[in-house]
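Structure, as structure tokens:
The values are calculated or read from the model by the stated rules, or taken from the named source; none is laboratory data. Please read all numbers here as calculations on a predicted model, not as lab measurements. Cβ placement follows ideal geometry from the backbone for every residue including glycine, while neighbour counts extend to all protein chains displayed. Calculation scope for accessible area: heavy atoms of the full protein, side chains included, ligands and nucleic acids excluded. Shrake-Rupley method; radii C 1.70, N 1.55, O 1.52, S 1.80 Å.
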Amino acid sequence: MFLFFCLTGNAQFLLQLEFKSYETNAKIDEAEVYINDSLVGKTGLNGKLSVLLPKGKYSVDVKAFTFENLADSIVLSSDLKRTFKLKRDRSFLDDYTLSYNDYAYEKHRSVDEMGLFAGKKSDLIIMERVSGNKATGNPRELYKQIAGLNVWESDGGGLQLGIGGRGLSPDRSSNFNVRQNGYDISADALGYPESYYTPPAEAIHKIDVIRGAASLQYGTQFGGLVNFRLLEAPDTSNFSLKSRTTLGSNAFFNQFIHLGGAEGVHRYSAYFQYKKGNDFRPNSAFNQAQAHLTYRYLLDEDSYLGFEFTKMNYLAQQPGGLTDNQFRRTPYESFRHRNWFSVDWNLANLNYRWQINKKNRFDAKVFGLLANRKSLGVLTRTDREDDGSERTLISGDFKNLGWENRWISFFGENNHVFLLGTRLYHGNNLGVQGAGPADSTANFIFLNSDSLDNEYRFPSWNAAIFAETIFRIGEKLKISPGFRVEHIETNADGYYMVRFTDLAGNLIEENKIEENRNSRRTFPLFGLGLSYNPNDTLELYMNFSQNYRAITFNDMRVVNPNFRIDPNLEDEKGFTADIGFRGFYKRAIKWDISAFYLFYNNRIGLISQVDSTLNNLYMYRTNIASSRNMGVESYASWDMAQSFFNSAKFELNLFVNLAYIDAKYIRSERPEINGNSVELAPSFTLKTGLSFRCKNLGASWQISYTDEQFTDATNAVNTPNAINGLIPSYSVQDLALHYNFKRFRLEGGINNLLNEVYFTRRASGYPGPGILPSAGRTGYLTLQIRL
């Protein structure tokens, strides 16, 4: 009896709390829950939080952004489940009725984290709810809701993400400002804005995608912003672990582990990923490892100091490109076995966040990158045999440091919003090209450091101040003016060699050309957005924002027999305009349909030219002309289970993502280009499919169609070296399934279900000039375990 009373006297009971919106019944995530005035954690995506407590009476206080605070009490004598409904804080007048959840999509609030989104064409992807091949980060599936995206599929392992929108090149997503947890992760935000590193899809919590209107708050890229928000530490557990193991076609293996926890004022989150495979062509094996650590120290209930570090490296053999005839004959063949690519990426970020009071918050980030990329191989046309001579080695070292501050304040009776930010950024890149070893190994060593093809240092400086405001006119209208003032300084200091040979290839003469270039400019950018909510289920929005893109000096002196660059390149300028409407009907049908106009002055592109001396065709990169891209982007989904059965027990969702783009060159001094189609701008892109979920079982099937597109401004249909020409239209189907059982989850799927033979890219240099085929039918199986 003594033992019994001791056990029952110390027994703990499970308290399960759930929080929903009073107005819309939507689940509320990231709500802070206090029990007896002590913070016990935040709710997850499901709006729930669980905690073990002894028997007794407790006070429960809840704080959630844009909701009224809730105070209640409970008596705990056994396991208990309680659901609370929070009312919206009407003083914020947020567009809460459009911020509902569905299977994989949310609309940004007007103020979300440290950004303002009112009146912008924006999307928020909830990665946990997305079905698809996350081990390879298949962009067709993961970004299926983003209308108008054009995707480069350069490898089957998902080593690099290549997406572009509205007729902009997908090359390493270089036309987007790519960030992770709000800080830059590309090689150099100004001098070389290419993303060799992308966090694993399995490590991502949410993805912010904002179109050209992001230029004021995040930088001057025409494409907009892509920001990866990584998984965070759970506030309610000392330790949690998620393990995902994937096996797939072509000897693919992926292991992902995420762990996190909370102890007092300490929060930590970390992941590790390793993957390898042979890919789908000969000479294409790869292996990649990456790890990330986040640590936060809670200074008090309203502020924290955080540190992040990311490490990634990979080595990939590259099978090279194909000519059109080779692709038609043997689409998965390889004629290069000496091409290699290596990347080493190191990112760090120090973050301070302070919720000053209910109406003011401040965020400061200091971030840096120390990285390199090395490519080694044969750059000659693939219709010519590899003669076994010395290979070309190109090395890039990247060192940059940035500091960005943001302050958001609510003011006035209607709680207008004001954002003020500053940015300082310094990049210092080193680019070297020369002869590499003639063997077939991944030996990234210059044979003669005294006789390089070129060597350049590219220091750059950037300072910016930006501001944006949301003025709330009544309860229905928001006006969002903003500006950004940029100061940019880019430099190129180095040399390149000019060599003359005879017809047998023997060196006759060589000259070393020293070069020192400097460009400084200061300019303002302006923008204006409008958001109008005629009722609780509809929003009309429009936005106008100026854009700017600095030339990338790091690409100025690559010596490539297929590729040449105009030494007098100029910066690109223009603007983006959007108008659209989005909303939902009875929580079963939702849509976002908009039209856009993108004007691009001094657009840099490629044209085909002939070297009369060598009688050789090459690509010339220069300011071609102005261009205008306009079109319509639409996304709609219909939960048929809600419409026909009014049931929340299962989902049957039909979605359609359709975009039309008309992109033309205008005002060109070259008559052969004026009126031509802009390269890499397919007229139509379509993604449509079905997703099903019932209790623990889920499945999705989709079709992705991309219309034909040209690869240069001359609109060449076919060229002898296959560097330029038409990319034919293609259609690909993907199937994914999952099943949950307690702490286990089993996922599987087939990508390119019908084994379509197609390609999305023609390369001018690495990973090998010519057509780069996309993967045929592949399958995968993933086992996930949560502890």
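Scan the strands (runs of 3 or more DSSP E) fully inside region 34-116 and keep the ones with 3 or more residues being open to solvent by less than 70 Å² (accessible area, probe 1.4 Å) and at pLDDT 85 or above.
48-54, 56-63, 70-76, 80-86
If a residue must be closer than 30 Å to residue 421 by Cβ, open to solvent by 10 Å² or more (accessible area, probe 1.4 Å) and not β-branched (Val, Ile, Thr), how many such residues does region 483-513 contain?
Number satisfying all stated conditions: 4.
Would you kindly identify the strands (runs of 3 or more DSSP E) lying entirely within region 125-202 that contain at least 1 residues that are open to solvent by 20 Å² or more (accessible area, probe 1.4 Å), more than 27 Å from residue 517 (Cα to Cα) and in contact with a helix residue (DSSP H, G or I) (Cβ under 8 Å, 6 or more places away or on another chain)?
It comes to 149-152.
If we scan region 221-242, do we find a residue that is touching a Phe, Trp or Tyr at 6+ places or on another chain (Cβ under 6 Å), among the aromatic types (Phe, Trp, Tyr), more than 24 Å from residue 342 (Cα to Cα) and open to solvent by 30 Å² or more (accessible area, probe 1.4 Å)?
No, region 221-242 contains no residue that is touching a Phe, Trp or Tyr at 6+ places or on another chain (Cβ under 6 Å), among the aromatic types (Phe, Trp, Tyr), more than 24 Å from residue 342 (Cα to Cα) and open to solvent by 30 Å² or more (accessible area, probe 1.4 Å).
Residues 225, 216: which one is in contact with an Asp or Glu (Cβ under 9 Å, 6 or more places away or on another chain) and assigned to a helix (DSSP H, G or I)?
Only one candidate passes the filter, namely 216.
Only one of 375, 303, 389 is touching a Lys or Arg at 6+ places or on another chain (Cβ under 7 Å) and of a type in the set (S, T, N, Q). Can you tell me which?
303
Of all residues being charged (D, E, K, R) and assigned to a loop (DSSP other than H, G, I, E, B) in region 228-247, which is nearest to residue 523 (Cα to Cα)? Just the residue, please.
232
So, residue 772, is that one open to solvent by 50 Å² or more (accessible area, probe 1.4 Å) and either in contact (Cβ under 8 Å) with a residue 12 or more places away in the chain or charged (D, E, K, R) (or both) or not?
no
Out of contact with any helix residue (DSSP H, G or I) (no Cβ under 7 Å at 6 or more places or on another chain), open to solvent by 70 Å² or more (accessible area, probe 1.4 Å), assigned to a loop (DSSP other than H, G, I, E, B) and not β-branched (Val, Ile, Thr) - does that describe any residue in region 336-343?
Within region 336-343, one or more residues are out of contact with any helix residue (DSSP H, G or I) (no Cβ under 7 Å at 6 or more places or on another chain), open to solvent by 70 Å² or more (accessible area, probe 1.4 Å), assigned to a loop (DSSP other than H, G, I, E, B) and not β-branched (Val, Ile, Thr).
Take the residues in region 722-740 that are more than 26 Å from the chain's Cα centre (by Cα) and open to solvent by less than 10 Å² (accessible area, probe 1.4 Å); name whichever of them is nearest to residue 325 (Cα to Cα).
Taking the candidates together, the pick is 722.
Can you tell me which residue in region 451-466 is modelled with the lowest pLDDT, limited to those that are surrounded by fewer than 18 Cβ atoms within 10 Å (Cβ to Cβ) and over 15 Å from residue 496 (Cβ atoms)?
461
Looking at (1) at pLDDT 95 or above; (2) under 26 Å from residue 405 (Cβ atoms); (3) of a type in the set (Phe, Trp, Tyr), can you tell me which one residue 252 breaks?
Result: residue 252 fails condition (2) only.
Only one of 777, 693, 743 is surrounded by fewer than 19 Cβ atoms within 10 Å (Cβ to Cβ) and farther than 26 Å from residue 148 by Cα; which?
743
Looking at region 283-301, which of its residues are open to solvent by less than 60 Å² (accessible area, probe 1.4 Å) and closer than 30 Å to residue 777 by Cα?
If the condition is that a residue be open to solvent by less than 60 Å² (accessible area, probe 1.4 Å) and closer than 30 Å to residue 777 by Cα, then 283, 284, 285, 286, 288, 289, 290, 291 are the ones that fit.
Out of (1) outside any strand (DSSP E or B); (2) open to solvent by less than 10 Å² (accessible area, probe 1.4 Å); (3) of a type in the set (A, V, I, L, M), what's the single condition that is false for residue 419?
Exception for residue 419: condition (1).
Would you mention how many residues in region 746-769 are surrounded by 19 or more Cβ atoms within 10 Å (Cβ to Cβ), at pLDDT 95 or above and not in a strand (DSSP E or B)?
Total satisfying the criteria: 2.
Could you please find all residues in region 262-275 being free of Cβ contacts under 8 Å to residues at least 60 places away in the same chain and either closer than 28 Å to residue 752 by Cα or surrounded by 15 or more Cβ atoms within 10 Å (Cβ to Cβ) (or both)?
Once the filter is applied, which keeps residues that are free of Cβ contacts under 8 Å to residues at least 60 places away in the same chain and either closer than 28 Å to residue 752 by Cα or surrounded by 15 or more Cβ atoms within 10 Å (Cβ to Cβ) (or both), region 262-275 yields 267, 268, 269, 270, 272, 274.
Just to be sure before I move on: is residue 332 part of a strand (DSSP E or B), open to solvent by 50 Å² or more (accessible area, probe 1.4 Å) and not small (Gly, Ala, Ser) in the structure I sent?
Considered against the rule, which asks whether it is part of a strand (DSSP E or B), open to solvent by 50 Å² or more (accessible area, probe 1.4 Å) and not small (Gly, Ala, Ser), residue 332 comes out as no.
Kindly indicate whether any position in region 667-690 is open to solvent by 40 Å² or more (accessible area, probe 1.4 Å) and of a type in the set (Val, Ile, Thr).
Looking through region 667-690, none of the residues is open to solvent by 40 Å² or more (accessible area, probe 1.4 Å) and of a type in the set (Val, Ile, Thr).
Can we say residue 411 is within 30 Å of residue 522 (Cβ to Cβ), out of contact with any Gly (no Cβ under 8 Å at 6 or more places or on another chain) and either open to solvent by less than 50 Å² (accessible area, probe 1.4 Å) or at pLDDT below 95 (or both)?
yes
Is it the case, given these coordinates, that residue 388 is in contact (Cβ under 8 Å) with a residue 40 or more places away in the chain, open to solvent by 30 Å² or more (accessible area, probe 1.4 Å) and over 30 Å from residue 217 (Cα atoms)?
yes
Could you list, in sequence order, the residues of region 607-639 that are of a type in the set (A, V, I, L, M, F, W, C), modelled with pLDDT under 90 and surrounded by fewer than 17 Cβ atoms within 10 Å (Cβ to Cβ)?
610, 614 - these are the residues of region 607-639 that are of a type in the set (A, V, I, L, M, F, W, C), modelled with pLDDT under 90 and surrounded by fewer than 17 Cβ atoms within 10 Å (Cβ to Cβ).
Residues are listed down the side, and each one gets a yes or a no for (1) at pLDDT below 90; (2) closer than 21 Å to residue 705 by Cα:
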{"residue": "143", "(1), (2)": "no, yes"}
{"residue": "163", "(1), (2)": "no, yes"}
{"residue": "170", "(1), (2)": "no, yes"}
{"residue": "174", "(1), (2)": "yes, no"}
{"residue": "179", "(1), (2)": "no, no"}
{"residue": "184", "(1), (2)": "no, no"}
{"residue": "203", "(1), (2)": "no, no"}
{"residue": "218", "(1), (2)": "no, no"}
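Take the conditions under 30 Å from residue 28 (Cα atoms) and open to solvent by 10 Å² or more (accessible area, probe 1.4 Å) and apply them to residue 120. Does it pass?
In short, no.
What residue, of 405, 429, 400, 443, is touching a residue at least 24 places away in the same chain (Cβ under 8 Å), open to solvent by less than 10 Å² (accessible area, probe 1.4 Å), out of contact with any Lys or Arg (no Cβ under 6 Å at 6 or more places or on another chain) and not hydroxyl-bearing (Ser, Thr, Tyr)?
429
Can you tell me which of (1) over 23 Å from residue 333 (Cα atoms); (2) surrounded by 20 or more Cβ atoms within 10 Å (Cβ to Cβ); (3) modelled with pLDDT of 95 or more is the one residue 698 doesn't meet?
All conditions pass for residue 698, except number (3).
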